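The values are calculated or read from the model by the stated rules, or taken from the named source; none is laboratory data. Worth saying up front: this structure is predicted, and the values here are computed from it rather than measured. All Cβ positions, even for glycine, are placed from backbone atoms using ideal geometry, and neighbour counts span all protein chains on display.
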Amino acid sequence: MSTHIAAKPGEIAQAVLLPGDPLRAKFIAENYLENAKQYTDVRNILGYTGIYKGKQVSVQGTGMGIPSISIYIHELFRDYGVQRAIRIGTAGAIQESLKIKDLVLAMSASTDSGVNLRRFGGRSYAPTASWHLLKTAWDAASAKGWEPAVGNVVCSDLFYSDEPDEWKIWAKYGALAVEMESAELYTVAAKFGREALALLTISDHIITGEQTTSGERQTAFTRMMEIALETAVS
């Protein structure tokens, strides 16, 4: 039993979906998993385990930002033996080619966070997705006639930045979108030798100013959820 999850041994599957929003975890459990059981509500960060296509899958909320997701994935890998972790989150587009509700597979994750600089003694580390999960997610999306964008994303520490045009330097070098967790997920997964992938839906567009509602972010991004589930049980 870990400090922040407090599930009993055996209550968490080896494949886990990781939405930032705990209510998105609840939505997935209620709408996609058979015989779903809640194993945690510590700090109202909800976690569930159920069956999808005959295989056990868990879905665990992580909260927002690198410090928050770091706590949950450390405990999932270290204390519960999770082997496969798939972030299902939202991101802000910084390329004109992307549209609201487009899907993005984060092949790698740049970051403005100082966490990895501290972790690696000032050296730069390149957090990357697990190739097997990336390819599996791409194939699952293609089978449904969807074509996600694949590339680098930016993992930012600040949602409200004092430098509103900072995104432009990332966009100049081809980054697709900005979010807040993927770099830490990929780094910690590498530390533990586990598989990880961030599957994102464009919820707002930094260039055009378009954005979705909080309700849409919680329950409407079902394509992302379906691809993640297919990838989890592959």
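Put simply, of LEU17, LEU76 the only residue that is assigned to a strand (DSSP E or B) and within 20 Å of PHE192 (Cα to Cα) is LEU17.
For region 142-171, a residue qualifies if it is among the polar types (S, T, N, Q) and assigned to a strand (DSSP E or B), and exactly one does: ASN152. None of TYR39, TYR52 is free of Cβ contacts under 8 Å to residues at least 40 places away in the same chain and farther than 24 Å from GLY215 by Cα except TYR39.
Being of a type outside the set (Phe, Trp, Tyr), under 27 Å from GLU216 (Cβ atoms), touching a His at 6+ places or on another chain (Cβ under 9 Å) and part of a helix (DSSP H, G or I): is that true of ARG43 here? Yes. If I ask for residues that are part of a loop (DSSP other than H, G, I, E, B) and either modelled with pLDDT of 95 or more or among the hydroxyl-bearing types (Ser, Thr, Tyr) (or both), which ones from region 211-234 would you list? Across region 211-234, the qualifying residues are THR212, THR213, VAL233, SER234. For region 102-141, a residue qualifies if it is surrounded by 14 or more Cβ atoms within 10 Å (Cβ to Cβ), aliphatic (A, V, I, L, M) and assigned to a loop (DSSP other than H, G, I, E, B), and exactly one does: ALA129.
Looking at this structure, is THR62 modelled with pLDDT of 95 or more, in contact with a strand residue (DSSP E or B) (Cβ under 7 Å, 6 or more places away or on another chain), part of a strand (DSSP E or B) and closer than 30 Å to THR208 by Cβ? Here the answer is no, as THR62 does not meet what is asked.
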